[in-house]
1. Just checking, which of ILE281, ILE303, ILE294, ILE321 is within 19 Å of GLY254 (Cβ to Cβ) and either surrounded by fewer than 17 Cβ atoms within 10 Å (Cβ to Cβ) or at pLDDT below 85 (or both)?
2. Checking ALA154 against (1) surrounded by 15 or more Cβ atoms within 10 Å (Cβ to Cβ); (2) in contact (Cβ under 8 Å) with a residue 40 or more places away in the chain, only one condition comes out false. Which one?
3. Given the conditions (1) assigned to a helix (DSSP H, G or I); (2) in contact with a His (Cβ under 7 Å, 6 or more places away or on another chain); (3) touching a residue at least 40 places away in the same chain (Cβ under 8 Å), report the number of the one that ILE217 does not fulfil.
4. LYS330 versus (1) modelled with pLDDT of 90 or more; (2) farther than 20 Å from THR259 by Cβ: which is the lone unmet condition?
5. Can you pull out every residue in the stretch 221-231 that is hydrophobic (A, V, I, L, M, F, W, C) and either assigned to a strand (DSSP E or B) or under 14 Å from the mean Cα position of the chain (by Cα) (or both)?
6. Which of (1) modelled with pLDDT under 90; (2) under 25 Å from GLY335 (Cβ atoms); (3) surrounded by 13 or more Cβ atoms within 10 Å (Cβ to Cβ) does GLY24 not meet, given it meets every other one?
7. For the stretch 209-234, enumerate the residues that are buried (at least 20 other Cβ atoms within 10 Å of the Cβ), within 18 Å of ARG185 (Cβ to Cβ) and touching a Gly at 6+ places or on another chain (Cβ under 8 Å).
8. Of all the helices (runs of 4 or more DSSP H) wholly in the stretch 38-150, which have at least 1 residues that are within 29 Å of ALA249 (Cβ to Cβ) and touching a Gly at 6+ places or on another chain (Cβ under 8 Å)?
Amino acid sequence: MSIEAPAAGPGADKPPVSRSGAEGRPLLEVKALYRYFGIKKRHLFGPAAKVQAVDGVSFSLAHGETLGLVGESGCGKSTTGRLVLNILTPSSGEIRFDGVDITGLAPEDWRALRLDMQMIFQDPLSALDPRMKIGDQIREPLDIHGIGDARERAGKVNEMLDAVGLPLGAVQRYPHELSGGQQQRVVIARALILRPRLIVCDEPVSALDVSIQAQVINLLKDLQARFKVAYLFISHDLSVVRHISDRIAVMYLGQLVETAARDELFDRPRHPYTKALIAAIPIPDPRVRRERVILHGDPPSAIDPPAGCRFHTRCPHAKPICGAETPVLKPAAEGHLVACHLVESGEL
């Protein structure tokens, strides 16, 4: 059972989304986004419970920009990406694409919007149909949307194969005949063939070998420069996120705790959780020493999160106010937002 948002008005009441975009306006705006999942009662007369997967998340993404969304497993990163693409329905909140509110769009309007919004999933083999040839799977979005004739579609498939570095002969092969890196290149080609303006990348390299990860990340950067696409890049690997992102948002237990430009975040992290994440990044040079930040205990349950700052139960600097009042994102520097009472008071 899930807790859904109230029924929205008909999609026809919302203006259509233009593919041209607008200068100076964010491509994607997420405001106060919530998603709760109801769970079964433990006994007949017990209280109803819910998992607070995403709890008041707000951010924006510019045209052609990459926003990295990072945090521990289970913090709500992937749920946020699925809410943006309407794979999951928000419990409440607002999602605007190119200035148009797309929350609660009718299915026929979402079908048209898929031309502009696509997703790259974590496991490429699960994202591909084992019974279909690679060429058919890359061409399928063109078939669904009725773009071009058979000859034009074949040409676009060949173009995308070349763009992602796959041989033209791959069109006749099946997913199981390709390596993991090649499978992910197929998924990327399928996502890009409609020339979307936004791609949600949900842990797109975590299932790949480290050497292949670097190749795929560099490919994504090259394709972004070529096709002017924006990425919402979801990952738990800060090394990967640092390489590809323009800005980074740090998420903890369903809430954003810090957002900043990439270099600003890594050079001057302010939130204790962000500092702990950065301190945990391995350094390949054994002569380099870094101050370790030890977090005690496990993350609290999203079913019953702690009051106040959700990180205060593990924070080495926690004060009484941290367990009493929930902090909100406030500027710590230009373009650098932090949700921490101690940063706000100047104690950190």
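The values are calculated or read from the model by the stated rules, or taken from the named source; none is laboratory data. Predicted, not measured: the structure shown is a model, and the values here were computed from it. Using ideal geometry, Cβ is built from the backbone for each residue, glycine included, and neighbour counts are taken over all protein chains shown.
1. Details: ILE281 fails: within 19 Å of GLY254 (Cβ to Cβ); ILE294 fails: within 19 Å of GLY254 (Cβ to Cβ); ILE321 fails: within 19 Å of GLY254 (Cβ to Cβ).
Step by step, each of ILE281, ILE303, ILE294, ILE321 is checked, and only ILE303 is within 19 Å of GLY254 (Cβ to Cβ) and either surrounded by fewer than 17 Cβ atoms within 10 Å (Cβ to Cβ) or at pLDDT below 85 (or both).
2. The single condition ALA154 does not satisfy is (2).
3. For ILE217, the failing item is (3).
4. Every condition holds for LYS330 apart from (2).
5. Narrowing the stretch 221-231 to residues hydrophobic (A, V, I, L, M, F, W, C): 223, 225, 227, 229-230.
Selection gives ALA230 alone.
6. Here GLY24 meets the rest and fails (3).
7. Within the stretch 209-234, VAL216, VAL229, PHE233 meet the criteria.
8. Working: elements: 77-84, 107-113, 124-127, 134-145.
By residue number, 77-84, 107-113, 124-127.
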